[in-house]
Amino acid sequence: MLKTRITEMFGVARPIVQGGLMWIARAELTSAVANAGGMGFMTALSFADPQALRAEIRKCRRMTDNPFGINLTFLPTLRPPDYPAYIQVCIEEGIRFIETAGRNPEPYLPQLKSAGIKVIHKCTSVRHALKAEKIGCDAVSIDGFEAAGHPGEDDVTSLILVPLTRDALRIPIVASGGFADGRGLVAALGLGADGMNMGTRFVATREAPVHDNVKRALVDNDERATRLIMRTLRNTERVLHNPTVDTVLEIERRGDTRIEDIAPYVSGLIGKTMLEQGDTQKGILSAGQCMGLIHDIPTCKELLDGIMAQAESIIKERFGQVLG
Ligand code: NAD
């Protein structure tokens, strides 16, 4: 049992967060995380329109009695969504927690706060974390350079970023990027975080609604098998290395890249097809360096039970021995 400000804030048993995962964080995965005692966020933009999100929230409620939240990502996108309409559905459905990401959530905070929703903002630098605290976010999830997806442009690893964020902020923080096991959880707490976020690790679980080839790719590849695309657009994404990624990097090397040049390769709709059909050589799959730590495809309960047992054993036994 590890009690932190994050378990208190979300009302969950374990300080482990499943953050937004485009197309993947749907009811099957998020309810499994919730039932295993963690805090899961379903990714709003995975659903074609706000009414589809509403249906998924109701589905998730049927699958778990435990708390869960919704992720809203404000990064650039090829298909700009109606954010206020997604937020309105969350409010109407009684969602109490929203994870924002990608851009400053300030324009949406009045709508969220007047509904009593607690906001955890996912960001990649101390200055953005400070801004999140200043504008009234309730917690911050801080993403190190190891992270899958969009780790920002500063290239600061979790080992540095998490303690610096702890020093700078008063609100609870969740460490994200590079975390996949009980050792990571103890490290996150040691660095001053109130919990840890995992993304890639949750994709390689039985309940993640993706093709088995995708899960196997995360097990079979190691910590060296990621690449950074879209650096030239200042929208860096850490992804699994495959032939599509090589094509994108080749286009970027030519210079003066425009999103139109690479959109046919990086489009999320192609990535969705990969997740459904399992051809991991075609399309983009966000993946973190923690792939090197992923060796199996457990259920979420097995995963979280194992992480907690490992963390508690390190704290009681290993630290006990070291202290003498
Ligand atoms: P999409 O199909 O809309 O776009 C594909 C990629 O191109 C995304 O990475 C997007 O950020 C980027 N992009 C689009 N327009 C751009 C522009 N004008 N300038 C620079 N980059 C641009 O994306 P999707 O896969 O359907 O995902 C929807 C949203 O979720 C996007 O905003 C995406 O960035 C985000 N996402 C976030 C993460 C994460 O790590 N937080 C992971 C996957 C997707």
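Per-structure values
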read-out	value
Selection from segment 99-138 of residues that are of a type in the set (Lys, Arg) and under 16 Å from residue 69 (Cα atoms)	113, 118, 122
Subset of segment 128-179 (residues that are assigned to a strand (DSSP E or B) and touching a residue at least 60 places away in the same chain (Cβ under 8 Å))	139, 141, 149, 174, 176
Residues that are of a type in the set (S, T, N, Q) and buried (at least 24 other Cβ atoms within 10 Å of the Cβ), drawn from segment 1-27	18
Condition broken by residue 55, with the remaining ones in (1) in contact (Cβ under 8 Å) with a residue 24 or more places away in the chain; (2) away from the ligand (no atom under 16 Å from the Cβ) satisfied	(1)
Which listed residue, of 36, 85, 55, is under 21 Å from residue 208 (Cβ atoms) and surrounded by fewer than 18 Cβ atoms within 10 Å (Cβ to Cβ)	55
Sole exception among (1) within 16 Å of the ligand (Cβ to nearest atom); (2) surrounded by fewer than 21 Cβ atoms within 10 Å (Cβ to Cβ) for residue 105, by number	(2)
Some residue of segment 250-266 being within 10 Å of the ligand (Cβ to nearest atom) and in contact (Cβ under 8 Å) with a residue 40 or more places away in the chain	yes
Flag for residue 79 being outside the structural domain of residue 258 (by TED's automatic domain parsing), within 10 Å of the ligand (Cβ to nearest atom) and surrounded by fewer than 17 Cβ atoms within 10 Å (Cβ to Cβ)	yes
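Condition check ((1) surrounded by 14 or more Cβ atoms within 10 Å (Cβ to Cβ); (2) without any contact (Cβ under 8 Å) to a residue 12 or more places away in the chain; (3) touching an Asp or Glu at 6+ places or on another chain (Cβ under 6 Å)) across all residues:
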{"position": "210", "(1), (2), (3)": "yes, no, no"}
{"position": "214", "(1), (2), (3)": "yes, no, no"}
{"position": "225", "(1), (2), (3)": "yes, no, no"}
{"position": "229", "(1), (2), (3)": "yes, no, yes"}
{"position": "234", "(1), (2), (3)": "no, no, yes"}
{"position": "240", "(1), (2), (3)": "yes, no, no"}
{"position": "314", "(1), (2), (3)": "yes, no, no"}
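The values are calculated or read from the model by the stated rules, or taken from the named source; none is laboratory data. Everything numeric in this text was worked out from a predicted model, so none of it was measured. When we count neighbours, we look across all protein chains shown, and the Cβ atoms used for this are built from the backbone with ideal geometry, even at glycine.
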